[in-house]
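Inspection log for the structure reproduced underneath, given as structure tokens.
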Amino acid sequence: MLEEVERWLARRSWSAADRPLDRLLAAKRAGGGTVSVVLPALNEEATVGAIVRVIRSELMSEAVPLVDELIVVDSGSTDRTSQVAAAAGARVIHRDAILPRIPALPGKGEVLWRALFATEGDIVCFVDADLKDFSADFVSGIVGPLLTEPDVDFVKAMYERPLALSGGPDSGSTAPGQGGRVTELVARPLLNLHWPQLAGFVQPLGGEYAARRSLLERLPFPVGYGVELGLLVDALHTVGLDALAQVDVGVRKHRHQDSQALGRMAAAIYRTAQLRLNRGPLARGHLMRSRLTQFDRGEDGFVPRTSPVDTEERPPMRDIPEYATRRAA
């Protein structure tokens, strides 16, 4: 298995600089495919505008028409996310306005699943809306292999993730390589133990990835934090390791979650993995409790607080009647 991963790393790991924009534009013209970029957003007014402006100015101009469609899906922001994104040039859609027949569930995966219905591109690129110092490489880098390599179906971004430090003498500085805490503590061990073919992915939980619509519409979407791991594992089982790839896009700076939010994220990711381990040839044991208890310190000691773990999944989009009708039209 180690040799297989090493071969994959040599064949399917690239840098964004490996595919200059002129090469991508030529490949896009030759292939005739279209590219949609989706930014899922919840209270991201501080960053979403800059991301939209970079994509529009550097990848949607008359000179560089790499991206055909850019949408921001707002999942219920209470700040000015929608207004800022629209002013910067994005088409903004509220999550609940997409497939209104199906009541919306909270969670990032829910937004991505609905965005698949709301977009038209043959290639769909997801980018988190909280990125700082955003570079167009986050889009062109991961879209590139899908335009130039016909046998690649799914591409993840890989990057350095520094952790912003707060408090003490180092406040305001960053710790290189320490930003992916849930990745290192939960996702990477799970993948190495149960899906060792995926051990070569540097950022398996990263929110920046692109895929062919023909693949995404066949996959179930976990509605919450488990969506990235779920899509990666299911893509492996659907199209095989050699159809998956990753591209180095530099450094990813973003806001960081507190430890309890990370705990909820970890629980959802573990649950997503467990559901897949209980399907087909990997099935073993019983499903575990789908709730997570955490603790706050109160006047009389620690107080337990229990939260549900995301367990709902949406079916493949091609199974939705409205989607089939729309695609046929």
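The values are calculated or read from the model by the stated rules, or taken from the named source; none is laboratory data. These numbers come from a predicted model, not from an experiment. Cβ: placed from backbone, ideal geometry, glycine included. Neighbour counts: every protein chain shown.
Every residue, every condition in (1) at pLDDT 80 or above; (2) over 19 Å from LEU105 (Cα atoms); (3) not in a helix (DSSP H, G or I), yes or no:
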residue: HIS256; (1), (2), (3): no, yes, yes
residue: LEU262; (1), (2), (3): yes, yes, no
residue: ALA267; (1), (2), (3): yes, no, no
residue: TYR270; (1), (2), (3): yes, yes, no
residue: GLN274; (1), (2), (3): yes, yes, no
residue: PRO304; (1), (2), (3): no, yes, yes
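Each residue in segment 72-109 was checked for being closer than 19 Å to THR34 by Cα, touching a strand residue (DSSP E or B) at 6+ places or on another chain (Cβ under 6 Å) and surrounded by fewer than 19 Cβ atoms within 10 Å (Cβ to Cβ), and 1 pass.
In the set (1) aromatic (Phe, Trp, Tyr); (2) at pLDDT 65 or above; (3) in contact with a strand residue (DSSP E or B) (Cβ under 7 Å, 6 or more places away or on another chain), PHE295 fails one condition alone, (2). Within segment 298-318, the residues that satisfy the criterion of being more than 22 Å from the chain's Cα centre (by Cα) and either surrounded by 11 or more Cβ atoms within 10 Å (Cβ to Cβ) or among the aromatic types (Phe, Trp, Tyr) (or both) are PHE302, VAL303, ARG305, SER307.
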